[in-house]
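Chemist: Can you read through this structure? Questions will come right after.
The values are calculated or read from the model by the stated rules, or taken from the named source; none is laboratory data. Predicted, not measured: the structure shown is a model, and the values here were computed from it. Note that we place each Cβ from the backbone using ideal geometry, even for glycine, and neighbour counts take in every protein chain shown. With ligands, DNA and RNA removed, areas are computed over all heavy atoms of the protein, side chains included. Shrake-Rupley method; radii C 1.70, N 1.55, O 1.52, S 1.80 Å.
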Amino acid sequence: GAVVSQHPSWVICKSGTSVKIECRSLDFQATTMFWYRQFPKQSLMLMATSNEGSKATYEQGVEKDKFLINHASLTLSTLTVTSAHPEDSSFYICSASVGSNSYNEQFFGPGTRLTVL
Amino acid sequence: AQSVTQLDSQVPVFEEAPVELRCNYSSSVSVYLFWYVQYPNQGLQLLLKYLSGSTLVKGINGFEAEFNKSQTSFHLRKPSVHISDTAEYFCAVSPTGGGNKLTFGTGTQLKVEL
């Protein structure tokens, strides 16, 4: 149980275009979803936390107008990278949890590799 | 704020040998501690976690970790590794007082060789 999927698994786009990444909890309802960014050989950096039906909370330094997050239902959250540039190329990982207490486990998706040309 | 340090970026080890992956953390509040494993091109999988109780925690795939509050450490160990254990391992913490935001270390690449 507790499976999280991401789509697409990889995407290549031209500079200036927008890209949408989906994160779905397949067998549970996720009240909270997280979006991370991972650079090669580096750790996961939390970008934002989203709760179903409310606006996402962005971490310091993350441009909310560039990385649009929508958590429209208890099983789906989307991350849209607007006007993508080569520096946005990265591995984006989402996670989902039932509840937002500190002991609620996060279940991670397989990640999406974005390459901006 | 919390921070996690994984001093070893890479740990090579021969198959069937024991291994220890080190993790130290810094926090002004109490934290829960986690170890995750990431296989190539995959998401993270929880290996084990410490919430409370016994400081020795056993996880999946034969891994265990010991929480040492005085040394602010949570080192991961396995007595005998297998080729399939080759992966990236991340230590993470979250504050006990609220929210389940995770702060990750930079990861340790475990490479098991024949």
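Chemist: Using the Kirkwood formula on the Cα atoms of chain B, what hydrodynamic radius do you get, in angstrom to one decimal? Display every interim value, and only then the final one.
Modeler: On the way: mean 1/r = 0.0708 Å⁻¹.
One decimal place: 14.1 Å for the Kirkwood radius.
Chemist: With a 1.4 Å probe, how much accessible area is buried between chains B and A, both sides summed, in Å² to the nearest hundred?
Modeler: Numbers: alone 6310 and 6520 Å², together 11140 Å².
Interface between B and A: roughly 1700 Å².
Chemist: Related question: Using the Karplus curve 6.51 cos²θ - 1.76 cosθ + 1.60 with θ = phi - 60°, what ³J(HN,Hα) values do you get for each residue of region A:79-87, in whole Hz, with x for Gly and Pro?
Modeler: So the Karplus estimates, Gly and Pro as x, are 10, 10, 8, 8, 6, 5, 10, x, 5 Hz.
Chemist: Moving to a separate point now. Give me the net charge of A:Thr75's neighbourhood, meaning all other residues with Cβ under 12 Å from the Cβ of A:Thr75; Lys, Arg count +1, Asp, Glu -1. Walk me through the numbers before you get to the answer.
Modeler: Values: positive: A:Arg24; negative: A:Glu22, A:Asp27, A:Glu52.
In short, -2.
Chemist: Students often get this wrong, so check it: of B:Lys49/B:Lys111; B:Lys78/B:Lys111; A:Lys20/B:Lys49; A:Lys41/B:Lys58, which have C-alpha atoms separated by over 21 Å? Numbers along the way, then the final one.
Modeler: On the way: B:Lys49/B:Lys111 23 Å; B:Lys78/B:Lys111 13 Å; A:Lys20/B:Lys49 32 Å; A:Lys41/B:Lys58 27 Å.
Beyond 21 Å between Cα atoms: B:Lys49/B:Lys111; A:Lys20/B:Lys49; A:Lys41/B:Lys58.
Chemist: Can you give the accessible area per residue of chain A, in Å², using a 1.4 Å probe?
Modeler: Values: 5680 Å² over 117 residues.
Heavy-atom accessible area per residue stands at 49 Å².
Chemist: Looking at B:Ala17, B:Val4, B:Ser27, which one has the Cα that reaches farthest to the positive end of the dipole of chain B (charges on Cβ: Lys, Arg +1; Asp, Glu -1)?
Modeler: Checking the options against the dipole of chain B, the answer is B:Ser27.
Chemist: Could you tell me the largest-minus-smallest coordinate of the C-alpha atoms of the protein assembly as shown on each of the three principal axes, in descending order and whole angstroms?
Modeler: So the extents along the principal axes, rounded to whole Å, are 49, 40, 32.
Chemist: Report the extension gain between A:Trp10 and A:Gln42 in nm, rounded to one decimal, defined as 0.36 nm multiplied by the number of residues separating them, less their alpha carbon distance.
Modeler: Values: separation 32, 0.36 × 32 = 11.52 nm, distance 1.88 nm.
Result: 9.6 nm gained on full extension.
Chemist: Let me ask something else about it. In debye to the nearest 20, how big a dipole does the protein assembly as shown give about its Cα centre with +1 on each Lys and Arg Cβ and -1 on each Asp and Glu Cβ? Could the numbers behind the result be given before it?
Modeler: On the way: 17 positive and 18 negative charges, 78 e Å.
Once rounded to the nearest 20, the dipole reads 380 debye.
Chemist: Between A:Ser97, A:Ser83, A:Ser50, find the one with the highest GNM mean-square fluctuation for chain A; connect C-alpha pairs within less than 10 Å.
Modeler: Ranking A:Ser97, A:Ser83, A:Ser50 by mean-square fluctuation puts A:Ser83 first.
Chemist: Related question: Zone of B:Ser28 (label point 7 Å along Cα→Cβ, backbone N under 16 Å): which residues in region B:86-109?
Modeler: Of the residues in region B:86-109, B:95-98 have backbone N under 16 Å from the label point off B:Ser28.
Chemist: Take the eigenvalues of the Cα gyration tensor for region A:1-97, scale each by 5, and report the square roots as semi-axes in whole Å, largest first. List each step's numbers first, then the result.
Modeler: Working: eigenvalues 89, 41, 35 Å².
They are 21, 14, 13 Å, listed largest first.
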